[in-house]
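All remarks here apply to the structure that follows.
The values are calculated or read from the model by the stated rules, or taken from the named source; none is laboratory data. Quick caveat: nothing in here was measured; it's all calculated off a predicted structure. No Cβ is skipped: glycine too gets one built from the backbone with ideal geometry, and neighbour counts run over all protein chains shown.
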Amino acid sequence: MVKELLVEKFEYFHGRFLCPIVGDVDTNKFIHLFFAKGKRWKRLRSIANPAFSISNLKRIMPIIEDSIKININLLKEAEASGKCVDLHEYFVELAFDIIARIALGQRESKQFKSEYCQIAQDTFVYVSNNIFDYISFIFPWIGENILEPFVRATGKIRGDPNMILIDKLTKAVKQRKKRE
């Protein structure tokens, strides 16, 4: 599915309108693969593509299988308790557990105990749903030139889930690089 979104169906997402607070997607160093356009997108995609090769996907299968088994056991425990089960919660926990184990080097499964899962979910809700984004849509110049630096500088202080997640991910990647 990721390959389909990033490679085969990208033309459906490439020209979408971004919030002005994102800034210039060609020069902003914080622009990621999903916001990038043109040559920059092509460069980032070529860097990311090897991660989705068949050999690399085969290498991560044991981790995925282990997380799935743990998720199934958690579902069985919930069923045994007789409570109603929200499967969406379990699938979200499974997805974030797999991502944390593969991308961030988390050693073991931490389903329903992970610090990343709720922060990442909050990030998706927060994006384009806050006063800074609203102002940026109304006044794009203010968003790009005044609000973007302010949002980036004060994100952790304000409890911005996006900035908190970026900070935690940066620390996790640094720790993983030290271990390797």
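Confirm whether Lys110 is assigned to a loop (DSSP other than H, G, I, E, B) and basic (Lys, Arg).
In short, yes.
Determine which member of the set Ile119, Ile70 is of a type in the set (Val, Ile, Thr) and closer than 23 Å to Asn162 by Cα.
None of the others qualify; the one that does is Ile119.
Of the conditions (1) assigned to a loop (DSSP other than H, G, I, E, B); (2) in contact (Cβ under 8 Å) with a residue 12 or more places away in the chain, Arg152 fails just one. Which one is it?
(1)
Enumerate the helices (runs of 4 or more DSSP H) found wholly within the stretch 1-85, keeping only those where 2 or more residues are modelled with pLDDT of 90 or more and either loosely packed, with under 12 Cβ neighbours inside 10 Å or not β-branched (Val, Ile, Thr) (or both).
Qualifying helices (runs of 4 or more DSSP H): 54-80.
Among Phe132, Phe139, which is the only one that is farther than 29 Å from Glu77 by Cβ and buried (at least 16 other Cβ atoms within 10 Å of the Cβ)?
Of the residues listed, the single one that is farther than 29 Å from Glu77 by Cβ and buried (at least 16 other Cβ atoms within 10 Å of the Cβ) is Phe132.
Look at the stretch 102-115 and say how many of its residues are modelled with pLDDT under 90 and surrounded by 12 or more Cβ atoms within 10 Å (Cβ to Cβ).
7
Taking the stretch 125-142 as the search range and keeping residues that are touching an Asp or Glu at 6+ places or on another chain (Cβ under 8 Å) and part of a helix (DSSP H, G or I), which one is modelled with the lowest pLDDT?
Here the answer is Tyr126.
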